[in-house]
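*Asks:* One structure coming up, written as structure tokens, with questions to follow.
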Amino acid sequence: MRLLAGGLPVAGALALALVLRPLPSPLVVVPAMLAVAAMSVVWWPRARPLLAAITAAAGVVGATCTLAWLAGPGISGGPSTYTHTVAVLTLITLTVRWAAVRQAVPAVAVAATSEALLALQITQPPPSGLEAVALALFWSIGTAGAIGLGAYLRTLDRRRVEAVRQARRTQRLQLARDLHDFVAHDVSAMVIQAQAAQILLDRDPSEVAAALRAIEEDGARALASMDRTVRMLRELEGESASAEPLPGLDSLPDLVRRFADAGFPDTEMRVEPSGPVPREVATTIYRIVSRRSPTSESTRRPGRASPSR
């Protein structure tokens, strides 16, 4: 859409100018058309890595054709020269804005030289000596404006990127504080419950069971908090949430079948939960079983796997 919006009006103006007045030399018209085409192409995001090269090529072609035209000047450029100038200034602006500095400097220098020489196509006959230098310098005011505009837009782009980076950093710090507040509280409670269970182990088994249940609940809450935080961090990085659900208890039969297919036919597992199992706990169980798999690299041993229940 930008390609059409940027190139069609200029191309239409150039075509209308060529119809309404005598056709200048091809040395004037052809580079103007090529510059318009280059200006249209660089709006395409995939062409931006080649922006400096395109600008430099347009400048070389324009300067070469202008010098060749000066060797035997004919009809003055008129609208073709104006259109060529607008296209070159647009290329300079976009190059300063988007191209790397070490690539933009030589490309803009070549394009600026080409744009200055276009001033000599306006008068008939072309000026010479000091008049030519003065006219070229006056015509270069547009180049200075294009460079300034490109630098200003480049600064705005850099500020926008920096603002986004700072916003993401602030969000990460906030998430880290929230994770510490919630998870640290749950983990502290787990430690206290575990210490109490050690004291009550020989005195009151029922109290130990209650402490273990409390540890399980605190661990599930900590896992849930970490899961939410990791998901938010992934969203901040632009990663879409996975559409595939995390593995859980329902995935264990397929895991056991893979163990058996890997050469452990006696592998067996029965899971009979007394009630609904939270997703975080189910995922943790799956990961523990998969890591203790006899087929994993860390636990692989020669021999036969024992049944797992």
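*Asks:* Looking at R221, R258, R228, R168, which is the one that is part of a helix (DSSP H, G or I), under 41 Å from the mean Cα position of the chain (by Cα), surrounded by 13 or more Cβ atoms within 10 Å (Cβ to Cβ) and modelled with pLDDT of 80 or more?
*Replies:* The match here is R168.
*Asks:* Just give me the residues in the stretch 86-143 being more than 24 Å from R154 (Cα to Cα), part of a helix (DSSP H, G or I) and of a type in the set (S, T, N, Q), in sequence order.
*Replies:* Hit for the stretch 86-143 is Q121, nothing else.
*Asks:* In the set A5, A32, A47, A17, which member is among the aliphatic types (A, V, I, L, M), over 27 Å from L137 (Cβ atoms), open to solvent by less than 20 Å² (accessible area, probe 1.4 Å) and at pLDDT below 95?
*Replies:* A47
*Asks:* Which of the residues that make up the stretch 72-92 are open to solvent by 20 Å² or more (accessible area, probe 1.4 Å) and farther than 15 Å from P24 by Cα?
*Replies:* V86, L89, T90
*Asks:* Using the structure shown, decide if G74 is part of a loop (DSSP other than H, G, I, E, B), modelled with pLDDT under 85, on the phi < 0 side of the Ramachandran plot and not hydroxyl-bearing (S, T, Y).
*Replies:* It is true that G74 is part of a loop (DSSP other than H, G, I, E, B), modelled with pLDDT under 85, on the phi < 0 side of the Ramachandran plot and not hydroxyl-bearing (S, T, Y).
*Asks:* Go through (1) surrounded by fewer than 17 Cβ atoms within 10 Å (Cβ to Cβ); (2) farther than 19 Å from S80 by Cα and name the single condition P125 misses.
*Replies:* (2)
*Asks:* Which of the numbered conditions does R154 fail, given that it passes all the others? Conditions: (1) open to solvent by less than 60 Å² (accessible area, probe 1.4 Å); (2) at pLDDT 85 or above.
*Replies:* Result: R154 passes all but (1).
The values are calculated or read from the model by the stated rules, or taken from the named source; none is laboratory data. Remember, predicted model here, so these are calculated numbers, not experimental data. Neighbour counts run over all protein chains shown; Cβ positions are idealised from the backbone, glycine included. Areas reflect the complete protein model, heavy atoms only, side chains present, ligands, DNA and RNA absent. Shrake-Rupley method; radii C 1.70, N 1.55, O 1.52, S 1.80 Å.
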